[in-house]
Each structure stands twice: as C-alpha cells, then as structure tokens.
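What follows is a set of notes on a single structure, which appears directly below.
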Amino acid sequence: MARFGMVIDLRKCIGCWSCTVSCKEEHFLPRGMFWNRVLISESGKYPAVKKEMYPVLCNHCKEAACVDVCPTGATNKREDGIVVVDADKCTGCRYCLIACPYQQRTPYKDDKVEWFPGQGFTQFEILGRTLYPLQKGTMTKCNFCAERIDEGQKRGLKPGVDNDATPACVISCPVNARIFGDLDDPSSKVSGLIKVRKGFQLHPELGTDPSVYYIN
Amino acid sequence: MEYEWMVRYTPQREWIEGQGVLLWLAFFFSEIGAGIYFVSLFLNFKAGWLVGWLVTLVLGGLIHLGFLGHPMRSWRILLKPASSELSRGLWVIFLFGVIGFFQILPVVFSGLPWTGESSTMSTIMGILCILIITHGFLTMNVVRALPLWNSSMIIPVSLVSGIWVGSQTAELMLKISGQELYMSELWSRWSLLSYMAVLFVYLWGTYHASDTAKESIKRLLIGDSAVRFYIGVLVIGIIIPLIITLVVWGNGFEELSGGVLFIRFVCVLIGDLTMRYSIMKSAIYTPII
Amino acid sequence: MSAQQEKIWEDVWVNTTCGGCYCGCGVRVRRINGVPVKIEGIPGSTMGGENGGVCGKGAAGIMYYHDPNRVTKPLRRTNPEKGIGVDPKWKEISWDEALEEIAERMKKIIADDPHKVLLTNQTQRASDGPHNHLYFYGAAVGQHANGCFIIGGGSLHCGNAAHMMGGLIHGAWSIAPDWRYTKYVLKFGSSKGTGSGHSAMTNARLRAQAMERGIKEVVFDPMCNFAGGKATEWIPILPGTDSALALAMANYILNELQVYDAQYLKAKTNLPYLIGPAGTYVRDKDSGKPLIFDEKEKKIKECDAPVQNYGDYALGGEFEVNGEKCRPAFMSLKEHLKQFGMGWASDITTVPAETIKRIAEEWVENAQIGSTITIEGKTYPYRPVAAVTFRGAQGHSNGIHQVAAIDLLCELVGAEDVPGGTLGWPSIRRKYPGGNYERKTIVGPDGVIVPGVFYSHIPWPPHKPKVPCKDIGCVDFWPHATLSHIPYVKERDEIWKKLGVTAKPEMLFGIACNFIVSNCDWQATVDFFKGLFVVQMDVWVNETDQAIADIVLPDVTWLEKDCWSSEIDAYFFSGSPSYEDWYCHMQKAVAEPVGECRFFMDVYLEVANRAGFRDKYNEIVNQYYSIEDEDLKFKPGEQPTWAEMGERVLKWVYGEDADKVKEQGYATWHKPIEDVYWRWEINSRVPVYMEFLIRARNEVERVCREVDMDLDYEQYTPNASWFSPTTYKELDDEYNMIAYSYRDVLHTNNTTFQNPMIDEVSKLCPYTYTVTMNTDVAKQKGFEDGNMVWIENRYGTREKGRIKTLEGQHPKTVGIAGQGGLWADMRPIAKGKGSNFCKILPTYLRHYDPVTGNIETSVAVKVYRAKD
C-alpha cells in the first residue's frame, strides 16, 4: 500500500498563496479556515538576511499525534497514510488540535461566517454547503484531497502524476514547488527528491515522522 | 498578529479561550470532586463521598459536555482507551461513577446488604480518585507539542493539588458537621507543603527543559500571566493558606474556627483554579519555522 | 470533492483568461450549476503557471463575480458637489438614459475638439482588456496620440523609462532573463519571476525551472522580500541609486577589466557610429545615414553598408569626415564612464565597493564572451547573464538613466536577445498556421528597431518635441513619455498655458480607472478632474467614482466577459519570452452577467454608434488586423456587436481553425527558434549611445527658454549618467527616511483589496498590510511591531500605517506595499486595509523624469507615532 506524501521545494516557492486559496476553493472552506498556509519570517541580521517562507499543511504524520489522542477514532489514518477526520464520529473535543505540533487543524465552530460579512451568503457559499458540507462543532483539516485521489484512482489515474488524482494545491502551484507521490515507492519522484536533495521534515525531534518534506 | 501564527511562539487557545474555558472548569471540578472523595475515604467521612461523587460527575461531567462540539456523541469517547488519554479518563470516570454509586448508596439508603466500607471498594475508589485527580493534567501531559504540559513534574503537581483542595473541602465539611479535625488538618499541612514543593520543582524543572518550555515559564512568571500567577497562585493560593496553617500549627486547634477554615478553603480553591488556568494559558507551541 | 452527485446538474470547466492582474494567464474556471467555484491554470497551455498552476490572486478571482457590492445598474450622481468625503447621492437610472446622455455629450464635445475627451488606458482591473482597442477608440474619436489617456491602475509608477528603453533595445514593452539558458541574473528593483512584472506566472514558472538548474540570482533592492527574499544573494541598495552602481560596474568592466563583447558592440549597437564634437552623428551628406569606419577597408561607410564581418567596424580611433573631426561613440562612452569609480558608487548606493567589484567580476566571468550555442541547428552567441529592471529601479526622476545604465551591463557583454541574455517581449507576433495576422518589427532610421507590438507612444523614431501641444498630456513636447504625467503635475495649468494647450478637457470616459488614489497626491488629482463630466464603467464604485464620477455604468467581471481579443495580439504581456510555443488565449464568459452589467466594449461600441464615429472605428480595426478579406472587413454603416466582430476577426486570424480555437478558448502553435532570437537575425542596432537625446535636448531647451519653463534638460544626454533622484535633495534631518513602494504578489493596484479571499491571505502575510522598517532603526525610534505611525512628506501630506519591523530592509527606508488605505463606501472589504503609498508622492514637475515622465516613486519622509 502506498504512503502518500509531499515534497515542497522552497527554492521554487515564490509565496503566491495559490496553495492556500486553491485549497479553500476546492473544499469551499469558509472565511477564516485554512488547511494550507504560508508562513513567512526571516533569519539573520542586516544585511546578511534570508527570507524564510514555508508553505505548511497537515503533515499526515506516520506517527500522528492527532490519531493517538483522538478518543473516538474520528481522526484516523487511512491505509495510504492520509490522516482524515470522520466528522460523524467527531465529538469536537479538540484534543487532536492541541496535540498537533504543527497546529494544522481548524475546528468548524461558526456556520454563520460569511465571505462578505453581514451581506448574506453568496452562491458559492450556498453551493459549497451542499457539495462539501462541514459539520458544525467538529474538527476539520487537510485531507490531501482524498476525494480527488480516490475518484482518480477509481478511474485508473495515478496520484502525483495525473492532475485529477492529485491534491488541488499541488496542481495549482504555478511553479511546481509541490510534488506529490508515494513515499514508500523508491522510484517515485517524491522519494527521489527526498533522497537526492536531502528532504527534511518539520520538527523531526517530536518523532511524528511527517509525510510532508521540504527541500532547499 | 495573524501572520505571527506558528512563526513566533504560539499559545494554545482551544483549551482555555472561548468555549475552551469550560474544559478548565471541568477538569477542576472533576479533580476537586475526586479529591474530596479521596480525603473523605481516609477520614471515613461519608457525606464527603456523596459530595465528591456529585461534584465530579454532575459538575465536572456536565461542564465537560458543554465543552464538546457534539455532546450527544460523548459516548464515543469510550472507544479508544488503548491510545487516547481522554478515552481512558472517561473510562475512569465511568468506573468511578458506577463503583462510587454502590459505595455511596448505603450512605443514602439504610438497610442495604452492604456498607460501602469494604477496604477493597475503598482501595479501588481511592485509585480511581487519584486517576481522576490527575486526569486533567495527564491528558495535557501527553501533548509533546506543548512542553509546559509535557513536563514530567506536572503529574505530581496535579495529584498533590487535587489532594490539597480535596482535603480543604473535606475539612470544611467535617467542621460543619462538627467532627474531629485533627487528622484532616494533618492532611492539610502536609499536602500544602507538598504542593509548594512540587510546584516549585515543576516550575524549575520545566524552565530548564527546553527553549519553548523556558519561554512558557517566562510568560507564566514575568509575562502576560505573571500578575495572575503571583496574586492568584502565590498570594491567595499559597501564602495566605500557609499563614493560616502555620498559625494553627503553632497555636493549636482553637484557632481553627469555621471562618478561618472557610477563608483558607476559598483561598485554596482560587489558588488551584488560577494555577490550572495559568498553566493552560501559558502553554505555547514551538514555531514551525 | 465529495460531491453529492444527484444535486449537480452541471459541472464544467471553461477555458478563459485570468483577469486578476495585467498578466492574463490562461485559466480554466469550474462552473457547477451555473456558479463559478474554482479557478485553475490550463495544463495544455504554457501561458501562465506550470501544468495547471495559477497564482493565489488569480485563483481567488471567483470572488469578484460573487461580490454583493457590485454595481448592477447604471448610477447617476445627484449631488453636484464633488470631492473626497462627499456623498455622491447615487440614483439608479436606465441604460438608455445613460447612453443617450453620454453619446450626446460626446458628440458635441468631439465636434468641437476631440482632445477634450479623456479616455483611460489602464483599468483598475488591469488585465481586463482589450487595451489596444481603446487606442483605436481614441483615434476614431479623432485624437492624434495618447495624450488624452489617463493613467490609472498601474499608474505612473509603471515603467515609462523601462518601456521606452525596452522599445528601443528589444522592440518590446518588457524584458526578462532568458530563463531557459541563463546562468546568472542581476535584478534591480524588479520582481520578474518571483510574482510580479509582465507574464508573471510564465516568468515564475520559467524561473523556477532555472533555479532547479542552479542559476545564481543577485537582487539589488531596498527590501529582502519578493525578489530579494528568493535570490541567491540579496544586496540592499538605496532606492533610485541603481544607475550609480551599474555605471561603476560598467566602468570597471570597460576600463579596468577591459573585457567586453566587441563583436556584439560592433554588430548590434550604435557604438561604432561616428560622432562629431557636438556629440551628434556624423552623417552622410546625401543619405543622411550615420557613418562608421571600416577598419579592414580603411574607409568611412554608411552605418548599414553590407559588411562581411562586423568585426570590421572601428570602435576606436579619430577620423575626419567632411572636414569635421569625429570618433566612434564607443570612445565617448569609454571616457565618460571613467568618472564612475567604485568608492563613489559605494557612497551613493551604500553597497560596499568590494561587493560591486565582485558582482562585476562574476558578471563578466559568467557572460562567457566568445562562446556560442547551437539550438535547433542554429548557432548563436551564448551569453548566459541577464540584467533586468522594472518599476522599482526605473520609477525615479532619473528613470531613463537608471534603465540605460543597467542595460549597459548587458550591452557590454553582448547579452541581449541572445541565448542566456536579457530578452524583450512582446516584440513580434507570428501568424497562426493557416491564419493571417502577423506583427513584426522593422529597422527604422539610424538602424534602430521600430517596434511591431507596442502599447503606447512608440519610441522610435522619436518625433521632434514641439509646441503648441494638442492635448493635456503634452506628448507633443515629451516624445519619450510612453504615458503622460502632466495631468497629475501640480504646475499643470501653467505648463498647459506655456505649451499652448487649448483643449481643456470636458469629459472623461473611463473603465474602472482609480487614478485618484493610484498616482500621487490625491487632492491635486481631484482638483483637476472634478471639473469634468466623468463616466466610468466599473465593477464597483471605487474611490475615483465616489469622488468625481457623474455616471457609473455597471461592468462585468472577467468571469462574465466574452472577449475574443484579450490576447489575440500577444499584446498585453502574457506571452512567453522564452523558447516555447506561441499561444493566444481569449476570455470566454463563464457565467451570465450579473444584474444589468454590460461588457465595456459593448458600451463603447454602442456610444460610438450613437455618437456617429463607428465607421472610423471599423476602419481602424480593419487596418490594425490588416483584414483583406472583403467578407470579413467591417464596412461603413455596419454596427456589429463586440461578439459579432470577434466572429470575423477570429476567422481572419485563425482561418479554418477559428471555430476550433474559439471553442477551446486558446490556440497554441510552434514558435521556431528564430522567433525567440529574432533580433540576431536582423540588421538593427541598439542606440546605447542615446544620440537622439542631444537632438531632443536642443528643442526642449529652446522651448523651455522661450516659455520660461523649469525643466532639468541636463538629463537629455547621450551617455547613461548619474542624476540624483529628487528625493535625495529633499532629505534632511527632519525628513530623514526614504519611503518606497513595491508590488505585492497578492495585489494588483487596488482592485484586489475588495476580494475577500485575497484580503484573508493578505492578513497572513507580515508585509502586505503593513509599513516595513528596519528592526534596529525602528528600535531607535521607539517603534514596535503593530505600532501605528504617520509617514509624512515635506509638503504636509501624510499616511497612516502599522509598523512591521524586519532585518531585511535598508535602514534608511520605509516600505509600503501596493495601494491600500482605501475608503470607497461601496467596497467594504477594501475599506481601511493597508496603507496608501501613492498619496504621499509629491507631484511637482521636478519630481518627474524630464525625459520619460516617470514620477519619482520614492519620497523623503518623517515617520512618527500615531494613535493606535
């Protein structure tokens, strides 16, 4: 079975926020909810400064703290390594959010939030509630676009190779800074990049073994 | 500033702000209920059993439910005791509820074929009490992402503070029901001194554990939480009760009027609540970048 | 999408062109049940990001369509008073009433003098073309040049100097490194390949591939953010001083290292042209052509005489022609550069002399002078170094010299329009196989290229500065101003009087242009425009509409727009400068227009029909596309709609494939390598030595003396030189910092501020909505992150902003992104976000580049605490 993962090429990323916005459209996420972000900072002292810019999303950790702490099994890891939340089982205790060292979870608390505050829901929001309903009081998170992967695989497509079986943020990246694929397959592009370009994980010391790697 | 999120040290909010404040209260009530029960077991103070049982289950339980996004699904929390501390906690509370029910029933209804004083039952309940007292902090303790909670010294703090609060409650109830306070005051003395010791060790040990832990402790002692900590935890929670306790210790039990006991009780409650609040509030995540 | 299938009755993707910025990438929009829900790139097209990629602000485009704040019916101002803070008291009116009034007024005004009507040549929505048709419109009305075009959107901060030089050097509006083959890139105040600039995502995609290959990118910029933050090396520099650095580098290369591409200089520049003591060309008596000295034949020849080997042209020596002493222009340049030493440049730029020297050495080393490369069987010089600049470095009162000096670096090593060097685009457009429309450059007077695809005020051949000026843009007098700055200049009334302008404008007919807040001092702009009858077609009531518009007509967003010409001309900067297929996209309507919204081209045509100048417009369109097919030509009396026009033009452009292309929404066809490095193939020359400026100066100086106008005509000088930007003359102990602005990848002018998806991510970026300042300087001033401050210029105009400190910022500077600080009531998302930089730009004539009309985009300011 595959273990899906992602490699993010920091040298290529220009910080255009396409991953953040595309993700929101793909899942009709309401204002204020992010499954993808870009963190921006800097290191060094003037004039020897380096801008630090990290696109972040759920790391779909192999040793996922969120899966361990979830008391109901709502947060679970699929066989292909994707960590998902079954909203029907979630009690909304937020233990997973507390436990996640990367803070990559957003509870859906307020279903009255509008894109244009005080001006009612747009057609986009109304349609989104039908097509991609979120349950108030439950936890939400990046699911590596599991729907796309599942649908695509059913049609014989390969995640990371065919757009329709690949996460939206990967496709939308205008500079191909995000590469998706099977970490367990040594011949996959992600495995190759991690090996050749010395991919690293965020906070490896926490033992979570993230499936999202960065290369520089 | 939103752009500082996980770029700088980022405090946990979900378990202390907004609806999260309920979890703080829930942990507190579950803990002091169990504390009352625990101390009452030793003092064989049966009214304390009932009160402790009710506080843990009704107050603690209901507030816990209020904290959840989907309270009606709370039974699902029982499903993962092997991996989740929260699940184990609910099992403990469940067992505490059931076994405690049978222990307390003879207190309320006379003529039952058992008394509730069996040492087996008391031992089991004593263990369950300890587990409940430590449950809140144990739940927090497993979160490796928050070094302030992940400190190994947090469990002793939790246990001792639970007993300390429980002893005060029980002692007050003993006083009200006109019973002997000698044993309970001994409990109070030693739990207060232990509390001071473990709290100090916790703060000192955590400060030296990691950069993020150090930053957390700084926030607790010199940062945003400092005023709350010094007034709530130190002055009200420790110094005032310490003075009262020492005066009683030196002068004998005649000083231990109901009023004094009540003052100490209130101080201890405030101190414990503040201590829990401060620790929950000051927990911060290490920046991602 | 875990879609519940039974609820979906439609789920389609429509190919179109993004309207999120002027780059116009190819995108496809997902429409479910009639609702646009998602925007992605088109995997089959290279116009834009990689394999379906699109940038964040492009992806967020659906929100323009969904915005409940849009204008959906024509509005008329009922309050006769105009100004900032005045309630227009809008009243809804019918389309017919609006159109009738507009047409009537226009008819009357153009009968008097067509230059009394102003048009806008950039929309607030930027890429929402067609842009060239507005020029046709102006011409149809009877305007003779672009002086009646009001600059909005990108505003004067755009690249007057960069475009002019781009036109002269590359026959192109824009420049970029040849990402595919380059190894070493110098960027001066430009974010090409890192989010902004023309063809932004195309360049970003190509740059990313180049980075993967391992190129070195050195960025000179006051800030380590978009460009600097991604560079291999960021070198902080003071705004507007890039030319000093480039001149010192050029001097070092030419006079100390003495390494340069002589073959290129002889073959492709005017440096071998002989110049007399006055600095002007020595010309052949009969043909009037400049002369050169052929070393092989030891003979003076006309500059374009056929030679076997370009190496024969002399770069040195002293000659005599017709009794006049002369020498190659190269000698003048070489001597001229000697004054620009490393220490001198370091003092001006704050870049250490050793660093400048090192970069110069790296530059020469990487240029591989003498090497060649064979691509597709063709052999070209291989110069894998590129120096590019855009708005940041060129937006100064010394703009032309900034660009010329930076260009000089490429010229010296021959890295222009050859593999690996700096490329210009769009320069040419090759016709679609089986189609008909093609645009090419030609070689004009003195061997300089006449661009075939140029947006505005073609730079070659330059016309003679002359008075009286026909229009308020005074482009007759400023032959090198790509877009006119005069309507924004404080002394405009005086200038118009002196330059004999009689066409006092009476009406403005614009498209979503927000020029009140996007150019400079707001009040100075309002004061002039409020006297006009202002009609704007707009998606929202923007700040300009609220302050001065009389009628606002509801326009469609790009998601409802059916525009066949969007990119048909490779016109507005979506093209790829690189060696990859030609492509051309159109905009297809993804959804029905909201309310009573109408596409502005339909409105323009309707007004043309009613006001009686449609025939002229038709004629211009025929000419522009060189339509020869009688069936397809637009004939007098015909009044086809915009869509109907498209049917015919597309047939002409794409021949039999027209329907297929229209259905697909775009066309791609092979670009041969000769179309990439086309300049190597033609016998043209770059006027590195800007001899034309001497000639222009004579006229400019004469007129200025005559009419007593104070203009810094010293800058009309042939060799790239150092002129300190006005800002530095206004720095003192009180106004001791330099404020500048830069383009944020998330924002296009100010349109994007009303998009809630963009607004949301803007808050996640530390710099987008803040005012940035060096950490140590902020500390000295007692500022902390989040403090509110005033940024005030010495003329008393100030803007409020929230401080964000960063190490990666030149200590002398304050940075503000984009055009925030907005206040239009009907744009609630935009209102109050960020800070407005434009308003603190002083706007006296001395703040403009006297040659190209660029406004000085840095300003001396004092920064002090405001109430939080």
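Of all residues in segment A:190-216, those satisfying the criterion of being away from every other protein chain (no Cβ under 12 Å), over 19 Å from the mean Cα position of the chain (by Cα) and among the charged types (D, E, K, R) are A:K195, A:K198. Going through (1) touching a residue at least 12 places away in the same chain (Cβ under 8 Å); (2) surrounded by fewer than 19 Cβ atoms within 10 Å (Cβ to Cβ); (3) within 17 Å of the chain's Cα centre (by Cα) one by one, B:W190 falls short only on (1).
Considering each residue of segment A:165-173 in turn, at least one proves to be free of Cβ contacts under 8 Å to residues at least 24 places away in the same chain, within 12 Å of chain C (Cβ to nearest Cβ) and of a type in the set (S, T, N, Q). Within segment A:185-216, the only residue that satisfies the criterion of being at pLDDT below 95 and in contact with a strand residue (DSSP E or B) (Cβ under 9 Å, 6 or more places away or on another chain) is A:N216.
May I ask you to list the residues in segment C:79-95 that are out of contact with any Phe, Trp or Tyr (no Cβ under 7 Å at 6 or more places or on another chain) and closer than 22 Å to C:I516 by Cα? C:N79, C:P80, C:E81, C:K82, C:G83, C:G85, C:V86, C:D87, C:P88, C:K89, C:W90, listed by residue number. The set of residues in segment C:23-41 being touching a strand residue (DSSP E or B) at 6+ places or on another chain (Cβ under 7 Å) and open to solvent by 10 Å² or more (accessible area, probe 1.4 Å) consists of C:C25, C:R28, C:R30, C:R31. Residues that are in a loop (DSSP other than H, G, I, E, B) and either buried (at least 24 other Cβ atoms within 10 Å of the Cβ) or among the aliphatic types (A, V, I, L, M) (or both) were ranked within segment A:1-11; the one that is nearest to the other protein chains (Cβ to nearest Cβ) is A:L10. Of the candidates C:R648, C:R679, C:R685, the single residue that is among the basic types (K, R) and open to solvent by 20 Å² or more (accessible area, probe 1.4 Å) is C:R648.
Within segment A:27-58, being at the interface with chain C (Cβ under 8 Å from one of its Cβ atoms), over 12 Å from the mean Cα position of the chain (by Cα), buried (at least 19 other Cβ atoms within 10 Å of the Cβ) and within 30 Å of A:G120 (Cβ to Cβ) holds for one residue alone: A:F28. Which residue is farthest from the other protein chains (Cβ to nearest Cβ), if the candidates are limited to segment A:128-154 and must be among the polar types (S, T, N, Q) and outside any loop (DSSP other than H, G, I, E, B)? The extreme case among them is A:Q153.
Scan segment B:124-140 for residues that are open to solvent by less than 80 Å² (accessible area, probe 1.4 Å) and more than 14 Å from chain A (Cβ to nearest Cβ) and the total you get is 10. Sub-8 Å Cβ pairs linking a first residue in segment C:676-697 that is in a loop (DSSP other than H, G, I, E, B) to a second residue that is among the basic types (K, R), at least 6 apart or interchain, are C:Y677/C:K378; C:S684/C:K268; C:R685/C:K268, ordered by first then second residue. Restricting segment C:295-329 to residues that are part of a loop (DSSP other than H, G, I, E, B) and touching an Asp or Glu at 6+ places or on another chain (Cβ under 6 Å), the residue that is modelled with the highest pLDDT is C:A314.
Do we have any residue at all in segment B:156-175 that's touching a strand residue (DSSP E or B) at 6+ places or on another chain (Cβ under 8 Å), assigned to a helix (DSSP H, G or I) and at pLDDT 90 or above? Looking for residues that are touching a strand residue (DSSP E or B) at 6+ places or on another chain (Cβ under 8 Å), assigned to a helix (DSSP H, G or I) and at pLDDT 90 or above, one finds none in segment B:156-175, hence no.
Taking the criterion of being open to solvent by less than 50 Å² (accessible area, probe 1.4 Å) and either in a helix (DSSP H, G or I) or of a type in the set (F, W, Y) (or both), the residues of segment C:651-675 that qualify are C:W652, C:V653, C:Y654, C:G655, C:D657, C:A658, C:V661, C:Y666, C:W669, C:I673, C:D675.
Given the condition surrounded by 17 or more Cβ atoms within 10 Å (Cβ to Cβ) and assigned by TED's automatic domain parsing to the domain that holds C:V413, answer yes or no: does some residue in segment C:319-327 qualify?
Let us first name the residues in segment C:319-327 that are surrounded by 17 or more Cβ atoms within 10 Å (Cβ to Cβ), namely C:326-327.
Adding the requirement that they be assigned by TED's automatic domain parsing to the domain that holds C:V413 leaves C:326-327.
Yes, because at least one residue in segment C:319-327 is surrounded by 17 or more Cβ atoms within 10 Å (Cβ to Cβ) and assigned by TED's automatic domain parsing to the domain that holds C:V413.
Kindly establish whether C:T768 is open to solvent by less than 10 Å² (accessible area, probe 1.4 Å), within 30 Å of C:I458 (Cβ to Cβ) and in contact with a helix residue (DSSP H, G or I) (Cβ under 6 Å, 6 or more places away or on another chain). Spelling it out, it is not the case that C:T768 is open to solvent by less than 10 Å² (accessible area, probe 1.4 Å), within 30 Å of C:I458 (Cβ to Cβ) and in contact with a helix residue (DSSP H, G or I) (Cβ under 6 Å, 6 or more places away or on another chain).
Residues that are more than 16 Å from the chain's Cα centre (by Cα) and modelled with pLDDT of 90 or more do not occur anywhere in segment C:147-168. Please verify whether A:E63 is open to solvent by 10 Å² or more (accessible area, probe 1.4 Å), within 13 Å of chain B (Cβ to nearest Cβ), modelled with pLDDT of 95 or more and assigned to a loop (DSSP other than H, G, I, E, B), treating the condition exactly as stated. Taking the combined requirement at face value, the residue satisfies it.
When the residues of segment C:788-806 are filtered to those that are open to solvent by 20 Å² or more (accessible area, probe 1.4 Å) and in contact (Cβ under 8 Å) with a residue 40 or more places away in the chain, the one that is nearest to the other protein chains (Cβ to nearest Cβ) is C:M788. Just one of the numbered conditions (1) more than 10 Å from chain B (Cβ to nearest Cβ); (2) open to solvent by 50 Å² or more (accessible area, probe 1.4 Å) is not true of A:K109: (1).
Kindly check whether there is at least one residue in segment B:49-68 that is out of contact with any Asp or Glu (no Cβ under 8 Å at 6 or more places or on another chain), within 12 Å of chain A (Cβ to nearest Cβ) and open to solvent by less than 30 Å² (accessible area, probe 1.4 Å). Yes. Flag not set for A:I215, criterion: crowded, with 21+ Cβ neighbours inside 10 Å and not polar (S, T, N, Q).
For B:D224, the conditions (1) touching a helix residue (DSSP H, G or I) at 6+ places or on another chain (Cβ under 9 Å); (2) assigned to a helix (DSSP H, G or I) all hold with the exception of (2). Test C:V814 against the stated conditions and say whether it is touching a residue at least 40 places away in the same chain (Cβ under 8 Å) and in contact with a Lys or Arg (Cβ under 8 Å, 6 or more places away or on another chain). It is false that C:V814 is touching a residue at least 40 places away in the same chain (Cβ under 8 Å) and in contact with a Lys or Arg (Cβ under 8 Å, 6 or more places away or on another chain). Selection within segment B:258-289: residues that are away from chain A (no Cβ under 14 Å) and out of contact with any helix residue (DSSP H, G or I) (no Cβ under 8 Å at 6 or more places or on another chain). The member of this set that is surrounded by the most Cβ atoms within 10 Å (Cβ to Cβ) is B:V266. Looking only at residues of segment A:112-130 that are among the charged types (D, E, K, R) and at pLDDT 95 or above, we find that the one that is most open to solvent (accessible area, probe 1.4 Å) is A:K112. The criterion of at least 3 residues that are at pLDDT 95 or above and within 12 Å of another protein chain (Cβ to nearest Cβ) is met, among strands (runs of 3 or more DSSP E) falling completely within segment C:9-82, by C:26-32, C:35-41.
The values are calculated or read from the model by the stated rules, or taken from the named source; none is laboratory data. In this text, all values refer to a predicted model and were calculated from it rather than measured experimentally. No Cβ is skipped: glycine too gets one built from the backbone with ideal geometry, and neighbour counts run over all protein chains shown. Surface accessibility is based on the protein's heavy atoms, side chains included, excluding ligands, DNA and RNA. Shrake-Rupley method; radii C 1.70, N 1.55, O 1.52, S 1.80 Å.
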